[in-house]
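The values are calculated or read from the model by the stated rules, or taken from the named source; none is laboratory data. Computed from a predicted model, the values in this text were never measured in an experiment. Cβ coordinates were reconstructed from backbone atoms using ideal geometry, including for glycine residues, and neighbour counts include every protein chain displayed.
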Amino acid sequence: MVNERSPLMNSNSFNKNIKFLLITALVLLVTRQLFFMSEPAGKEVNFKIYNQNIRYDNKNADGKGEKPWNIRKVEIAKSIQYNSFNTKTIITLQEVLKNQLDDLLKLLNEGTEKEGLEPKWTYYGVGRSDCKTNGEYSPIIYNKEDFKLLDSSTFWLSETPNVPGSIGWDANQERIVTWAHLKPQWGEAINIFNTHLDHLGKKSREESVKLIANKTRSYNEDISFITGDFNSEPNEEAYQTLQKIFKDSRLHNDVKYGFDNTFTGFDSKSRHKVIDYVFIDPRLDSVKGFGVLDNHFDGIYSSDHRPVVVEITV
């Protein structure tokens with residue numbers, strides 16, 4: 001005699017499976033939240049900040065010194081991937097158009113997309129022209145498995161910082177600061193302020209760093225870092241003003257590596273200079289490591305700026 005299961009038995013089994021799956025999903029969700037909420041006593045947080053002006057997607061690139069973006073993007077993505085391998089890393093970039101941001105995120109998430117998994121790398125930032133997608137971004141890119149975004153905003157470097165698209169003082173273009181309040185897997189949250197100061201307006205640069213320094217005190221009391229292309233050399237007033245309030249990681253580090261200058265242009269004839277920085281909170285003594293990396297490989301300049309990479313323990 002064949003022992004057949006009744007429809008009722010099959011229904012009960014199905015319901016049990018559904019309950020099991022729902023409970024499992026709930027446990028995983030709670031575990032992930034606790035993963036970010038837990039703060040082991042005395043636990044240090046080690047991470048990197050990778051900062052670079054990547055040069056906007058110039059459709060008129062001559063292909064000699066400055067290569068088209070579709071070539072440069074690969075070199076930039078590889079550099080980010082290598083320097084963030086097995087290390088919690090926050091990426092701060094300048095002069096980024098929306099298509100460039102999309103391209104880099106696609107390259108960084110290439111492995112997970114192939115496996116059908118949720119992308120790990122994401123960002124906060126807006127276009128400086130309309131607070132949406134138009135104009136250059138100064139995005140803050142991070143891995144969702146390493147950091148949780150607690151809060152974020154953008155303000156304009158002008159007399160009216162809350163007015164999108166506003167141009168301040170003697171600046172030639174709109175300039176913004178991207179702020180992200182990020183919490184690592186454990187330990188205290190940190191603030192990242194990422195910017196690109198005006199290349200022509202001297203007064204704009206001077207007033208901008210004052211505004212940024214004041215803003216770092218207005219959100220919360222967590223440790224802050226200011227990154228970006230400041231278009232200000234160490235002997236110029238904007239740099240000197242900010243350096244009295246925040247510490248230049250180029251001067252306060254345990255180990256220093258690589259080049260001195262951060263701007264190179266797209267040929268050896270351009271005047272090299274230091275204009276890209278990672279400033280650290282004055283409550284920190286120093287960073288563990290500081291490096292200015294190469295941007296020129298096999299005849300290709302990834303950008304006219306070199307990456308600045310800082311290793312930090314807080």
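Which pairs turn up if I take residues in region 265-293 that are more than 18 Å from Val308 (Cβ to Cβ) and look for partners that are in a strand (DSSP E or B) with beta carbon separation below 7 Å, at least 6 apart in sequence or on another chain?
Listed by first residue and then by second, the contacts come to Phe266/Tyr301; Pro282/Lys247; Arg283/Ile223.
Out of Thr92, Thr122, I need the residue that is over 22 Å from Arg175 (Cα atoms) and either in a strand (DSSP E or B) or not assigned by TED's automatic domain parsing to the domain that holds Asp229 (or both). Which one?
On the way: Thr92 fails: over 22 Å from Arg175 (Cα atoms).
Just a single option satisfies the conditions, and that option is Thr122.
Pick from region 221-248 the residues that are assigned to a loop (DSSP other than H, G, I, E, B) and in contact with a His (Cβ under 9 Å, 6 or more places away or on another chain): which of them is nearest to Ser286 (Cα to Cα)? Reasoning before the result, please.
So the first thing to find is which residues in region 221-248 are assigned to a loop (DSSP other than H, G, I, E, B), and the list is 221-222, 230-236, 244-246.
Okay, now just the ones that are also in contact with a His (Cβ under 9 Å, 6 or more places away or on another chain), so 222, 230-231.
On the way: Asp222: 17, Phe230: 21, Asn231: 23 Å.
Out of the qualifying residues, it is Asp222.
Would you check which residues across region 110-147 are among the small types (Gly, Ala, Ser) and modelled with pLDDT under 95 and list them?
Initially, region 110-147 is screened for residues among the small types (Gly, Ala, Ser), giving 111, 116, 125, 127, 129, 135, 138.
Correct list: Gly111, Gly116.
Have a look at Ser208, Ser218, Ser204 and point out the one that is in the same structural domain as Asn134 (by TED's automatic domain parsing), closer than 21 Å to Lys244 by Cα and assigned to a loop (DSSP other than H, G, I, E, B). First the steps, then the outcome.
Details: Ser208 fails: assigned to a loop (DSSP other than H, G, I, E, B); Ser204 fails: assigned to a loop (DSSP other than H, G, I, E, B).
From the options Ser208, Ser218, Ser204, the qualifying one is Ser218.
Give me the residue from region 235-269 that is exposed (fewer than 15 other Cβ atoms within 10 Å of the Cβ) and of a type in the set (A, V, I, L, M) and, out of that set, nearest to Gly289 (Cα to Cα).
Only one residue tops the list, namely Val255.
Tell me whether region 133-148 contains one or more residues that are touching an Asp or Glu at 6+ places or on another chain (Cβ under 8 Å) and outside any loop (DSSP other than H, G, I, E, B).
no
Give the residue, chosen from Lys78, Lys67, Lys106, that is assigned by TED's automatic domain parsing to the domain that holds Asp229, assigned to a loop (DSSP other than H, G, I, E, B), out of contact with any Leu (no Cβ under 8 Å at 6 or more places or on another chain) and not acidic (Asp, Glu). Even if it seems obvious, please write down each step before you answer.
Values: Lys78 fails: assigned to a loop (DSSP other than H, G, I, E, B); Lys106 fails: assigned to a loop (DSSP other than H, G, I, E, B).
Residue meeting the stated conditions: Lys67.
Can you pull out every residue in region 134-160 that is surrounded by fewer than 18 Cβ atoms within 10 Å (Cβ to Cβ) and more than 30 Å from Thr87 (Cβ to Cβ)?
If the condition is that a residue be surrounded by fewer than 18 Cβ atoms within 10 Å (Cβ to Cβ) and more than 30 Å from Thr87 (Cβ to Cβ), then Asn134, Glu159, Thr160 are the ones that fit.
Kindly indicate which of Leu150, Leu157 is in contact with a helix residue (DSSP H, G or I) (Cβ under 7 Å, 6 or more places away or on another chain) and modelled with pLDDT of 95 or more. Can you show your working first?
Numbers: Leu150 fails: in contact with a helix residue (DSSP H, G or I) (Cβ under 7 Å, 6 or more places away or on another chain).
Leu157 is the lone residue from the list that is in contact with a helix residue (DSSP H, G or I) (Cβ under 7 Å, 6 or more places away or on another chain) and modelled with pLDDT of 95 or more.
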